Amino acid sequence: MTYKFSKRVPQSDTDAVGDILKVAGDPKVMSFAGGLPAPELFPVEQVKKAADKVLDEKGQSALQYGSSQGVPELRDVILKRLKVEGIDTDTDHVMVATGSQQSIDLTGKMFIDEGSTVIVEDPTYLTAIDVFRSYGARFVGVDMDEDGMRMDSLEEALKANPDTRLIYTVPTFQNPTGRTMTLARRKKLVELAEKYDVMILEDNPYGAIRWEGENLPALKSLDKSNHVIYMGTMSKIFAPGLRLGWVVADPKLIKKYTMMKQSADLHTDSFAQYVAAEYFAENDINEHIAAITALYHKREQIMVNAVDKYFPEGVTHSNPEGGMFLWVMVPGVEDSQKLFDAALKRNVAIVPGDPFFGNQTIPGTFRMNYSNTPEDKIEDGVKRLAEAIEEVMADGEK
Ligand SMILES: Cc1ncc(COP(=O)(O)O)c(C=O)c1O
C-alpha cells in the first residue's frame, strides 16, 4: 500500500528526539535527557482518596460525556491559580485542554496556514516547533540572552515579517534554556505585539517552580488589548499523566477553541478533571509546589556545582532560578550530536541542542534536566559527561 498522506504528516520517519529518549530509558544510562517531574513527589495517596470520593459522590457525571470547555469545578480551581500569576479573570475566559500540548496544537490549527510566519525564541520547546511545522509554519527565530528573548531582534523580525501570525514564548524558566524574561522585556513584548498587531502565545508550565528571585507577572496580566493567549498546565505542579491544561483568552477566542476542541476530542477526560478539582479542594497545592521546588533546587545546585567543578574551561551554562533545565554551551564544537554520542559511550544521556532551534542552530549546545535524577547520582553523571565534552573539544582542535 502506498499511503497518500496529508502535508501535515512528517516526511521522514526519523524521530531524533524519540530515539534519544529511548536510549535514555535504558536502565544502564543515567539520563539528564527527558523533562520528567520527580515521580516520588506525585501525591498518589491523596489522588487515590480524591478518586474514591469522586466515584462515590459524582460517579455518574465523572464517567459521562462532559462540557468541551471543561468541568466548572476545575475551571474555578484554575481561576484561583491564575490569580497567583496576576491574571484576574472569569470562567468565560478559560478552557480546559488535554495538557498544554493540546493548547499548542489547537492554536497552531487556529492561526497557521501553509507558509504562515511564526516567531519563536531560538532555541525553544521542540514539540511546539513540531506542531507548528505540521500546520505549515515558516519559522523566524529570535535570539535570546540570559534575560530572555531580545526585543531589538524581535522588533526587527516583526518589521521584516508584517504578516506574522504568532509569537510563541515560554517567558519563565524556558524549555530548553531555563532562562527567564525580565519584567522590562515582558512589558516591551506586549507593547510590540500591540504595535504590530500580532498574537502572543504565552506558555507557562514552569513558572510556579521558583526558588530564587521575584515572581514576575505573566504577559497575560500585562495585556490590555487581547493580544495574549495564555496556556497553563497541571503537568509540572501536580501530575502529567492526568493530561490537564488550560487556555486563557478573550471569550471570543475561547469559543473558537472550544469548537475546535470538540472536533479534536470532544472534551478532556471528565474523571481526571473531577479528581484534580477534588484534590485541589482537599489539599494545599502551595505546600506541594514548595516541596517540588525545594527538591528541584537541591538537585539543580548539585548539578551546577558539579558542572562548574568538572566541565572544561570555556564551557558556559544558564543559571536557572527555577524550573527543570540547564542549557550548556560548549565552544568550538560544530555538531552537538557528537556531544550526545560521546556522552552515551559513557552511559549518560543529554539532549543535543539542534532540534530546539526554529532556524539557525547555535552549535555545541545541549540541554540537561535535573528534576528526575536522584541527588546521589548527579555528580557521577556530570563527571562522565565532563570527560565526554573534553573528548569532543579535543577532537575539534585537531
Ligand atoms: C514549554 C512546554 N510547553 C508545553 C509542554 C507540554 O506540557 P503538557 O504536559 O501540559 O502537555 C511542555 C512539556 O514538557 C513544555 O516544556
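Miscellaneous remarks
- Residue match in the range 216-226 (condition: over 27 Å from Met110 (Cα atoms) and in contact with a Ser or Thr (Cβ under 9 Å, 6 or more places away or on another chain)): yes
- Scanning the range 364-373 for residues that are more than 19 Å from Pro240 (Cα to Cα) and either aliphatic (A, V, I, L, M) or open to solvent by 50 Å² or more (accessible area, probe 1.4 Å) (or both) yields one hit, Met368.
- Of all the criteria given as (1) without any contact (Cβ under 8 Å) to a residue 24 or more places away in the chain; (2) in the same structural domain as Ala38 (by TED's automatic domain parsing); (3) part of a helix (DSSP H, G or I); (4) open to solvent by 60 Å² or more (accessible area, probe 1.4 Å), the one not satisfied by Glu313 is (3).
- Selection of the range 321-333 for residues being part of a loop (DSSP other than H, G, I, E, B) and either farther than 26 Å from Asn215 by Cβ or modelled with pLDDT under 95 (or both) yields Val330, Pro331, Gly332, Val333.
- Within the range 207-224, the set of residues being open to solvent by less than 50 Å² (accessible area, probe 1.4 Å), without any contact (Cβ under 8 Å) to a residue 40 or more places away in the chain and not in a helix (DSSP H, G or I) comprises Asp223 only.
- Gly25 fulfils the conditions (1) open to solvent by less than 80 Å² (accessible area, probe 1.4 Å); (2) of a type outside the set (Val, Ile, Thr); (3) touching a residue at least 60 places away in the same chain (Cβ under 8 Å); (4) not assigned by TED's automatic domain parsing to the domain that holds Leu219 except for a single criterion, (3).
- Checked against the criteria, Tyr125 does not count as farther than 25 Å from Lys236 by Cβ and touching a Pro at 6+ places or on another chain (Cβ under 9 Å).
- Test set (1) of a type in the set (S, T, N, Q); (2) part of a helix (DSSP H, G or I); (3) over 18 Å from Val228 (Cα atoms) - Thr177 fails condition number: (2)
- When the range 157-195 is limited to residues that are among the small types (Gly, Ala, Ser) and away from the ligand (no atom under 16 Å from the Cβ), the one that is nearest to Ile119 (Cα to Cα) turns out to be Ala157.
- Those residues of the range 176-189 which are out of contact with any Ser or Thr (no Cβ under 7 Å at 6 or more places or on another chain) and either open to solvent by 10 Å² or more (accessible area, probe 1.4 Å) or modelled with pLDDT under 95 (or both), in sequence order: Thr182, Leu183, Ala184, Arg185, Lys187, Lys188
- All helices (runs of 4 or more DSSP H) inside the range 55-156 with 3 or more residues being farther than 30 Å from Tyr279 by Cβ and within 15 Å of the ligand (Cβ to nearest atom): 126-134
- Of the candidates Ser318, Ser336, the single residue that is closer than 29 Å to Glu214 by Cβ, open to solvent by less than 10 Å² (accessible area, probe 1.4 Å) and of a type in the set (Ser, Thr, Tyr) is Ser318.
- Residues being at positive phi, crowded, with 19+ Cβ neighbours inside 10 Å and touching a residue at least 60 places away in the same chain (Cβ under 8 Å) are represented in the range 61-73 by at least one member.
- Within the range 1-40, the set of residues being modelled with pLDDT of 90 or more and part of a helix (DSSP H, G or I) comprises Pro39, Glu40.
- Residue-level check: of (1) in a loop (DSSP other than H, G, I, E, B); (2) crowded, with 20+ Cβ neighbours inside 10 Å; (3) not polar (S, T, N, Q), Ala386 misses just (1).
- From Asn161, Asn204, residue being touching a residue at least 40 places away in the same chain (Cβ under 8 Å), open to solvent by less than 40 Å² (accessible area, probe 1.4 Å) and within 13 Å of Val142 (Cβ to Cβ): Asn161
The values are calculated or read from the model by the stated rules, or taken from the named source; none is laboratory data. Being a predicted model, the structure only gives us computed values, none of them experimental. Positions of Cβ are generated from backbone atoms using ideal geometry, with glycine treated the same way; all protein chains shown enter the neighbour counts. For the accessible areas, the whole protein counts, side chains as well, though only heavy atoms, and no ligand, DNA or RNA atoms are used. Shrake-Rupley method; radii C 1.70, N 1.55, O 1.52, S 1.80 Å.
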